[in-house]
Amino acid sequence: MTWLKTINRYFWLIFLAVITIAPILLGVWASLLPTADIAAGNFMSTHISLANYIGAIQTTPVLRYITNSFVTSTLITLGELVFCTLAAYVFVFIDFRCKKQLFFVFLITMMLPFEAQIIPNFQTIRSFGWLNSYAGLTIPFFASAFGVFMLRQAFLKIPSELQEYSEILGMNHTRFLMGIVLPYSRSTIVTFVIYMFLTHWNAYLWPLITTFTDAYRPTQVGLKQLQAEDTFSNWGVIMATAILILIPTLIVLIIGQRYFKKGLNVGGAKG
Amino acid sequence: MQSRKTATLHTPNIKLTAVKSKLNLRQNSKSALWFLAPSLIILLIFTFYPMVVTVINSLFATNVRGENARFVGLANYVQIFKDPVFIKSLGHTFAYVFITSILTIIVALLLARLVTQRIKGQAFFRTAFASTMGISAAVASILFLFLFNPSVGLVVTFLKAIGAKQTNLLVSPTGAMFILILSSVWMGLGFAFLNLLGALQSVPESYYEVAEIAGWSNWMQTWKITVPMISPTLFFLFVVEIIGKFKTFTAVDLITGGGPDNNTNFVAYKIYQDAFASHNFGIASSEAIVLTIVIAIATWIQFRYTERSVFYK
């Protein structure tokens, strides 16, 4: 009765796959339907069109939100990459006193939830005049203990011979870092960039507190804004907006998929 | 903590050794120590300073202008633990965190088991089950709000069709909690699934083949072979899930707003409300310290007992 077992297995696989992607598929489907049909519960409607997407782009600031998210996520990712690379380099290639202790200081920051720091951080940003600005949205995230650990792991894999040769060749730190360390750690750096970009694209709490106008509001908070403003429950347009916000994430994930497959499944529980 | 062996050249060539000692990157370190400065400055301003301020704020009563008015010692802590809303918040957060984490791991394990067995179309199923990984909490919340919307939601339509009395789940305490747990499990599925899939590949196929011959059911195989074999990954995932879920904010803000009757007013959301709606920084700060203690303990367990944790988060 092996074939019966196989059929049983496929039944469950297909059933569970459908359940898993159903919320996304229904969202996509709803984004293609006229709101009148959604409101009437007519989900089998054949009036499929991109009208909601055109409506979302013309009547909501969704493109502005996407631009803001793109600018902030890119700035943070670049800043983080530079800052974390420099720190990880020191922890791997330089010997100095109190290295262990300093590394422990970095470790500790991973135990302190950002949610517990929002009040003083809000006041700091306000005193700098950075409320509702790209600076306020990005600079606090330029340092990341997790990022340092991730790059440190990659740098540790660099054979010590390479360092010896670089020394013989008379390379200084900058040339060794740029010419050897970074090219050697390429795949981890790609994973780092994808992970950080997605994390900051999906950020919610900090932008919610520090942005007040559409000029700086990023996507996730923009979604809340649209959903809260919309008194008529225009679900078609809301769904179209949500899907538009989701598309860049999916593109990044598809590009990065082959790096994630290498076993480095970074990510984490979302809050 | 690993440290690399100091580079040594095993060569009799005296000239080379001389060159080396002059240019040794490792000892020529003074200049490179500045590389640490950017990260340290940002961490000082945006992590350590705020943490210290939060501790100080938690010891002061806040006046109407949001300033520390007078030192009250631990009175804020006494007050929050007497506050039925905070106690409820804490209890419901714990319940939510544990139910969600356990459910996510169980479902992800079953999916990963189904996918690792030799099947056609494996790549498709893998992509399908991993697909929730890139979805943000905000988009997921909007999707679930739509599914459970009392007037147009498909779930509600279904509930009506089977004759359920209560169709607006958001107004019932268990219903609101149920939606949050469901959306959270769904969101976390991709990450847990991919991690477990990786772990399952390390379990030798032959174990299952023997079990198959012995006539063990799929459930028995999963429970008696898979679970013990991948227990480090299961533990790692469990701790990571707990740390993440304790900070749940987005879904509460978008789906339930903490309601009904504070039933889903989880700790992170309560802190936000007390700080930015009531402007009671003293109370919010003491709640934030309670959250910090819980997260710090969980993270410490993660560092201490799961070797991968430091490196893979």
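Among helices (runs of 4 or more DSSP H) lying entirely in the stretch B:38-123, which contain 1 or more residues that are facing chain A (nearest Cβ under 9 Å) and among the aromatic types (Phe, Trp, Tyr)? So that I can check it myself, show each step before the final result.
Values: elements: B:49-57, B:75-82, B:84-116.
Where helices (runs of 4 or more DSSP H) fall fully within the stretch B:38-123 and carry at least 1 residues being facing chain A (nearest Cβ under 9 Å) and among the aromatic types (Phe, Trp, Tyr), they are B:49-57.
Search the stretch A:12-68 for residues being within 13 Å of another protein chain (Cβ to nearest Cβ) and among the aromatic types (Phe, Trp, Tyr), and hand back the single one that is farthest from residue B:110 (Cα to Cα).
Here the answer is A:65.
Can you name every residue in the stretch A:196-218 that is over 12 Å from the mean Cα position of the chain (by Cα) and part of a helix (DSSP H, G or I)? Working first, answer last.
Within the stretch A:196-218, the first condition is being over 12 Å from the mean Cα position of the chain (by Cα), and the residues that meet it are A:205-218.
Hits for the stretch A:196-218 are A:205, A:206, A:207, A:208, A:209, A:210.
Taking helices (runs of 4 or more DSSP H) that fall entirely within the stretch A:43-162, which contain at least 1 residues that are modelled with pLDDT under 95 and either over 20 Å from the mean Cα position of the chain (by Cα) or closer than 24 Å to residue A:187 by Cα (or both)?
A:51-59, A:62-93, A:99-109, A:118-127, A:145-156
Checking the conditions here, which among A:238, A:254 is within 11 Å of chain B (Cβ to nearest Cβ), free of Cβ contacts under 8 Å to residues at least 60 places away in the same chain and crowded, with 22+ Cβ neighbours inside 10 Å? I'd like the intermediate steps shown before the answer.
Numbers: A:254 fails: crowded, with 22+ Cβ neighbours inside 10 Å.
Of A:238, A:254, the one residue that is within 11 Å of chain B (Cβ to nearest Cβ), free of Cβ contacts under 8 Å to residues at least 60 places away in the same chain and crowded, with 22+ Cβ neighbours inside 10 Å is A:238.
What is the residue count in the stretch A:168-195 for residues that are part of a helix (DSSP H, G or I) and within 13 Å of chain B (Cβ to nearest Cβ)? Let's see the steps before the verdict.
Within the stretch A:168-195, the first condition is being part of a helix (DSSP H, G or I), and the residues that meet it are A:168, A:173-184, A:186-195.
Those still in the list that are within 13 Å of chain B (Cβ to nearest Cβ) too: A:168, A:173-181, A:188, A:191-192, A:194-195.
Residues meeting the conditions: 15.
Could you grab me the full set of residues in the stretch A:165-195 that are charged (D, E, K, R) and buried (at least 18 other Cβ atoms within 10 Å of the Cβ)?
Keep residues of the stretch A:165-195 that are charged (D, E, K, R), which gives A:167, A:175, A:186.
The one that is charged (D, E, K, R) and buried (at least 18 other Cβ atoms within 10 Å of the Cβ): A:167.
Go through the stretch A:199-225 and give me each residue that's of a type in the set (A, V, I, L, M) and surrounded by fewer than 22 Cβ atoms within 10 Å (Cβ to Cβ).
At the first step, the residues of the stretch A:199-225 found to be of a type in the set (A, V, I, L, M) are A:203, A:205, A:208-209, A:215, A:221, A:223.
Matches in the stretch A:199-225: A:205, A:208, A:209, A:215.
Among A:86, A:102, which is surrounded by 20 or more Cβ atoms within 10 Å (Cβ to Cβ) and hydrophobic (A, V, I, L, M, F, W, C)?
Details: A:102 fails: surrounded by 20 or more Cβ atoms within 10 Å (Cβ to Cβ).
Being surrounded by 20 or more Cβ atoms within 10 Å (Cβ to Cβ) and hydrophobic (A, V, I, L, M, F, W, C) holds for just one of A:86, A:102, which is A:86.
Which members of the stretch A:125-158 meet the condition of being facing another protein chain (nearest Cβ under 10 Å), surrounded by fewer than 22 Cβ atoms within 10 Å (Cβ to Cβ) and more than 17 Å from residue B:39 (Cβ to Cβ)?
A:128, A:156, A:158
Among the residues of the stretch B:152-180, what is the count of those that are assigned to a helix (DSSP H, G or I) and within 23 Å of residue B:99 (Cα to Cα)?
12
Looking at B:252, B:294, B:227, B:310 in this structure, which one is modelled with pLDDT of 90 or more, out of contact with any Leu (no Cβ under 6 Å at 6 or more places or on another chain) and surrounded by fewer than 21 Cβ atoms within 10 Å (Cβ to Cβ)? It would help to see each step written out before you state the result.
Details: B:252 fails: surrounded by fewer than 21 Cβ atoms within 10 Å (Cβ to Cβ); B:227 fails: modelled with pLDDT of 90 or more; B:310 fails: modelled with pLDDT of 90 or more.
From the options B:252, B:294, B:227, B:310, the qualifying one is B:294.
The values are calculated or read from the model by the stated rules, or taken from the named source; none is laboratory data. Because the structure is a prediction, the values reported are computed rather than measured. Note that we place each Cβ from the backbone using ideal geometry, even for glycine, and neighbour counts take in every protein chain shown.
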